[in-house]
1. Looking at T74, T45, which is the one that is hydroxyl-bearing (S, T, Y), at pLDDT 95 or above and in contact with a Ser or Thr (Cβ under 9 Å, 6 or more places away or on another chain)?
2. Give all pairs with beta carbons closer than 9 Å in which a residue from region 187-210 that is of a type in the set (S, T, Y) meets a residue that is outside any helix (DSSP H, G or I) and open to solvent by 70 Å² or more (accessible area, probe 1.4 Å); count only pairs at least 6 apart in sequence or on separate chains.
3. Quickly run through region 124-139 and pick out the residues that are out of contact with any Lys or Arg (no Cβ under 8 Å at 6 or more places or on another chain) and surrounded by fewer than 15 Cβ atoms within 10 Å (Cβ to Cβ).
4. Could you check region 1-104 for helices (runs of 4 or more DSSP H) lying wholly inside it with 2 or more residues that are open to solvent by less than 70 Å² (accessible area, probe 1.4 Å), within 15 Å of the ligand (Cβ to nearest atom) and over 22 Å from L130 (Cα atoms)?
5. Inside region 48-72, can you point out the residues that are in contact with a helix residue (DSSP H, G or I) (Cβ under 7 Å, 6 or more places away or on another chain) and among the aliphatic types (A, V, I, L, M)?
6. Look at S217 and say whether it is more than 12 Å from the ligand (Cβ to nearest atom) and either among the acidic types (D, E) or over 30 Å from E104 (Cβ atoms) (or both).
7. Using the structure shown, decide if S142 is surrounded by 22 or more Cβ atoms within 10 Å (Cβ to Cβ), within 11 Å of the ligand (Cβ to nearest atom), part of a loop (DSSP other than H, G, I, E, B) and at pLDDT 95 or above.
8. Quick one: would you say E40 is closer than 22 Å to I188 by Cβ and acidic (D, E)?
Amino acid sequence: MRLQGKIAVITGSAQGIGRAIAEVFASEGAQLVISDINAESTRKTADEMETRYGVETIAVVCNVAKLEDCEALTKVSLDKFSKIDILVNNAGITKDNLILRMSEADWDAVIAVNLKGVFNCIKAVGKQMLKQRQGRIVNIASVVGQMGNTGQINYSASKGGVISMTKTCAREFASRNILVNAIAPGFIRTAMTDKLTEDQKQVMTSAVPLLRLGEASDVAKAALFFASDDSSYVTGHVLAVNGGMYM
Ligand SMILES: NC(=O)c1ccc[n+]([C@@H]2O[C@H](COP(=O)([O-])OP(=O)(O)OC[C@H]3O[C@@H](n4cnc5c(N)ncnc54)[C@H](O)[C@@H]3O)[C@@H](O)[C@H]2O)c1
């Protein structure tokens, strides 16, 4: 059990990649704070984790775009567990369009959740980790933050920002034994990519040397590496989990 006795806060964990990370962490003994913007699915996922893995789990509704929500998430987590060992910044959205057609509202919405949301959660949880003099922060970026993508100016900017924030926080927190790393997934089969047409998925798959879309569990295994002692001398790293589509 690689995470026995550890407390993990995972944003956007009611479904998709966040939920898969919660499952892998729970199967390794971590106790969980399942957090998402959707109250019903947050509660349901937390109940399922507790039943399936027998680990203590709480459900906290939190919109990561709001600093006060992230502060409340931290407080509720500490009231229950007294510490936070692992923070996974996973919540994210897309609102795709070509730059000339993109509305200001769609730019702002994606930046607020994907970029400022990571800032908000690190600011709120980081204070506690500094006191503890230990912690792990895992940020879910994207291959699109590394290579850009037509129709995703807002999303690629947010994820590129997450990568540079990861490196800045890794430097700021290193002396307190807080390791900060990022995962840059390629195209992963979740609700986010289900929106794409079969033709779009075909084109994407053909650009992947492993010739398949990734699974949420592929990303979760990388998150476990960063959350566990296996990565004790790794910080500021961006791990590509993309089937080789960008090297
Ligand atoms: N699926 C992919 O191909 C892919 C690739 C690269 C990176 N990612 C990133 O992985 C992360 C998870 O994506 P996914 O594919 O599981 O998508 P998903 O849509 O299945 O899950 C995202 C979760 O985030 C939650 N969420 C949305 N806005 C929120 C907010 N303001 N506050 C809190 N929670 C919020 C949603 O309710 C949902 O449960 C995202 O950051 C995404 O950008 C996904």
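The values are calculated or read from the model by the stated rules, or taken from the named source; none is laboratory data. Remember, it's a predicted structure, so these values are computed and weren't measured experimentally. In this analysis, Cβ positions are derived from the backbone assuming ideal geometry, glycine residues included, and neighbour counts consider all displayed protein chains. Only protein heavy atoms, including side chains, enter the accessible area calculation; ligands, DNA and RNA are left aside. Shrake-Rupley method; radii C 1.70, N 1.55, O 1.52, S 1.80 Å.
1. T45
2. Correct list of pairs: T190/Q15; T205/L211; T205/R212.
3. Scanning region 124-139 gives K127, K131.
4. 16-27, 39-53
5. Within region 48-72, M49, V55, I58, A59, V60, V61, V64, A65, L67 meet the criteria.
6. no
7. Considered against the rule, which asks whether it is surrounded by 22 or more Cβ atoms within 10 Å (Cβ to Cβ), within 11 Å of the ligand (Cβ to nearest atom), part of a loop (DSSP other than H, G, I, E, B) and at pLDDT 95 or above, S142 comes out as yes.
8. no
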